[in-house]
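Working notes, beginning with the structure itself.
The values are calculated or read from the model by the stated rules, or taken from the named source; none is laboratory data. Here the structure is a predicted model, which means the values were calculated and not measured. As a convention, Cβ positions derive from the backbone with ideal geometry for all residues, glycine included, and neighbour counts pool all protein chains shown. When the accessible area is computed, the model is the full protein with side chains, heavy atoms only, and any ligands, DNA or RNA have been set aside. Shrake-Rupley method; radii C 1.70, N 1.55, O 1.52, S 1.80 Å.
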Amino acid sequence: MSVGVGNKLRLVHQRHAPSGFVTTTAYATKVSKQRRVKLAAFIKRGLLTKQGLYTNYLDTRKRTTATATGHEMLSESSGMWLQYLVTTRQWAQFRQFYRQTKATFNENGLFSYRYDPRTKKRYAVNATLDDLRIIRALLTYDQAHHTNHYRQKATQRYQNQQSRMGTWSIITMFMRVRQLRRAV
């Protein structure tokens, strides 16, 4: 975690995962809630599988190494779906989908960014932001339940990222994401 001291930024090492992720909003209108329900139904009906979420509704015959196509899967989509499940308090579905996510994407303590169910290939690339999205969903679940079950797993995944990238790389990336969000 970084904290500002005067005009300087200093690093504070945390031994525990952060909290404060449970959010509620009153921004949704009746129409936006209806659209959210329709979108979730479409995802469940057309994209959600036992292994994860398809990248596209329609499959493709030909795969490319440059981009995910057809019925390939991305850890990014799994992280967003986990965030949706925890936000909508679908606890059993969250637990099941996290188990699926681990089975599909777990590669040496990190998540592979991409998986092709046709060839059963996990790509040897990790997307830190996608892992952090999954970690946040785990922490949100535990905070809502007042448990530490997923917090321990999230902490271990974060430490795996940290050892792979180094503390400063993660902080630099986090600060850049915050800057981009403010610019929008």
Positive minus negative residues near LYS120 (Lys, Arg vs Asp, Glu; Cβ under 15 Å): +3
Probe 1.4 Å, accessible area per residue of region 23-93, Å²: 69
Anisotropy class of region 92-141 from Cα gyration tensor, a/c 1.5 cut: oblate
Under 16 Å from LYS62, Cα to Cα: aspartates and glutamates that are on another chain or at least 8 residues apart: GLU72, ASP116
Heavy-atom accessible area order for GLU72, GLU107, largest first, 1.4 Å probe: GLU107, GLU72
Ranked order, TYR98, TYR57 - accessible area, probe 1.4 Å, largest first: TYR57, TYR98
Sequence-distant residues sharing a close amide H with ALA68 (under 5 Å, placed H): none
Accessible surface of TYR54 - all protein chains present, 1.4 Å probe, nearest 10 Å²: 60
Net charge of neighbours whose Cβ lies under 12 Å from the Cβ of ASN106, counting Lys and Arg as +1 and Asp and Glu as -1: +3
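As an exercise, use a Förster radius of 22 Å and the Cβ-Cβ distance of ALA144 and SER32 to find the FRET efficiency, rounded to the nearest 0.05. Please list the in-between numbers first.
Numbers: r = 22 Å, r/R0 = 1.02.
Rounded to the nearest 0.05, the efficiency is 0.45.
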Set of lysines with alpha-carbon distance to LYS102 below 17 Å, sequence-local pairs under 8 removed: LYS50, LYS120, LYS121, LYS153
